[in-house]
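Remarks on the structure that follows.
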Amino acid sequence: MVHVPRQRRDRSAPRPAPGPRRARPVALLVALIAGGAAAGLLGGQQLEVAEAGESVAVSSVLGSGAQGLEAELEATPQMAISEAEAQTRLQEVAASRAERAAKAATAAAEAEAAAEAARPDTVLPVEGARLTSRFAMRWGVMHWGIDLAAPMMTPEYSVEAGIVLRAGAASGYGQAIYIKHENGDVTVYGHMEKILVDAGDYVEAGQKIALLGSRGQSTGPHLHFEVHQGGLDGKRVDPVAWLRDRGVDI
């Protein structure tokens, strides 16, 4: 048997440069799809990549591609209504809104009417006050009203609905309010510490008009209350009897 010596490779010789690597088909497809360039690169044509005798059709992965997607979108019917239908719908909405507004207005009017019906026609000018002086002669002169004593800053109320004729400084009273009522009578409130209304204001029965005080010719905190029958210059009558005639007792 003849022994043939094995030829040794010369390691000093330069190694040949590696040839270009072929991209794997799946990686290439992913790159094309992720980059959004598949449709432009394909141009509607089929691209095949082969490795080791294997071929993969891009069109089989992407289907019809961008052109197929566009065709599919164009084939979807557009949702639309006519202008006449839109106008009808607008009218329906407006009618519904008007109906709701009318119901709300009716409910508000009913609530206001109920509150008006529940509101008393006549009230005491001061709650919880003590009658300290009557409509009678006092210290040799006529006392034309009644005095109702209560702590400082106690609320004072209009005894009936009316219009404020005067509100401010008044001789003897320090401060006073004059209110004309629907029947023509005028009620007078004096000596308050603070006035809460102005001339010309409309006030309801029971509305707070002042805070009780002791201004003017006064010996302590109280309300001086008068009634002028028929007007500001009318006959001054007993406020206790006037209130009693209206269902209010002191």
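All of the numbers you see were taken from the coordinates with simple rules; none came from a lab. On a predicted model such as this, the values are computed, not experimentally measured, just so you know. A quick note on method: Cβ atoms are made from the backbone with ideal geometry, for glycine too, and the neighbour counts reach across all protein chains shown.
State, to one decimal in nm, how far the label point of GLU92 lies from the label point of SER214, with both points 7 Å from Cα in the Cβ direction.
7.4
Sorted by average packing, counted as other Cβ atoms within 10 angstrom per residue and highest first, what order do 154-160, 234-240, 186-192, 172-178 take?
Details: 154-160: 23.1, 234-240: 16.1, 186-192: 24.9, 172-178: 19.7.
Packing order, densest peptide first, comes out as 186-192, 154-160, 172-178, 234-240.
Place a +1 charge on the Cβ of each Lys and Arg in region 110-250 and a -1 charge on the Cβ of each Asp and Glu, then give the dipole magnitude about the Cα centre in debye, rounded to the nearest 20.
Details: 13 positive and 19 negative charges, 147 e Å.
Using only the charged Cβ atoms, the result is roughly 700 debye.
With 10 angstrom as the radius, rank TRP139, TRP144 by how many other C-beta atoms surround their C-beta, starting from the fewest.
With the sparsest Cβ surroundings first, the list reads TRP139, TRP144.
What residues have an amide H closer than 5 Å to that of ALA205, excluding those fewer than 5 places away on the same chain, when H is modeled at 1.01 Å from N in the peptide plane?
Those lying under 5 Å, H to H, from ALA205 are ALA161.
Using the reciprocal of the averaged 1/r over all distinct C-alpha pairs, how large is the Kirkwood radius of region 130-244 in Å?
13.9
Taking the dipole about the Cα centre of region 112-158, with the C-beta of Lys and Arg at +1 and of Asp and Glu at -1, give me whichever of ALA149, TRP139, ALA117 is farthest to the positive side.
Towards the positive end, the residue furthest out is TRP139.
Can you compute the charge dipole magnitude of region 154-225 about its Cα centre, using +1 on each Lys and Arg Cβ and -1 on each Asp and Glu Cβ, nothing else charged? Give it in debye, rounded to the nearest 20.
Roughly 280 debye, rounded to the nearest 20.
Multiply the residue separation of ALA105 and GLU204 by 0.36 nm, subtract the distance between their alpha-carbon atoms, and state the gained length in nm to one decimal.
Result: 33.4 nm gained on full extension.
Once R0 is set to 25 Å, what does the formula 1/(1 + (r/R0)^6) return for the Cβ-Cβ distance between ARG130 and LEU196, expressed as a FRET efficiency to the nearest 0.05?
It comes to 0.65.
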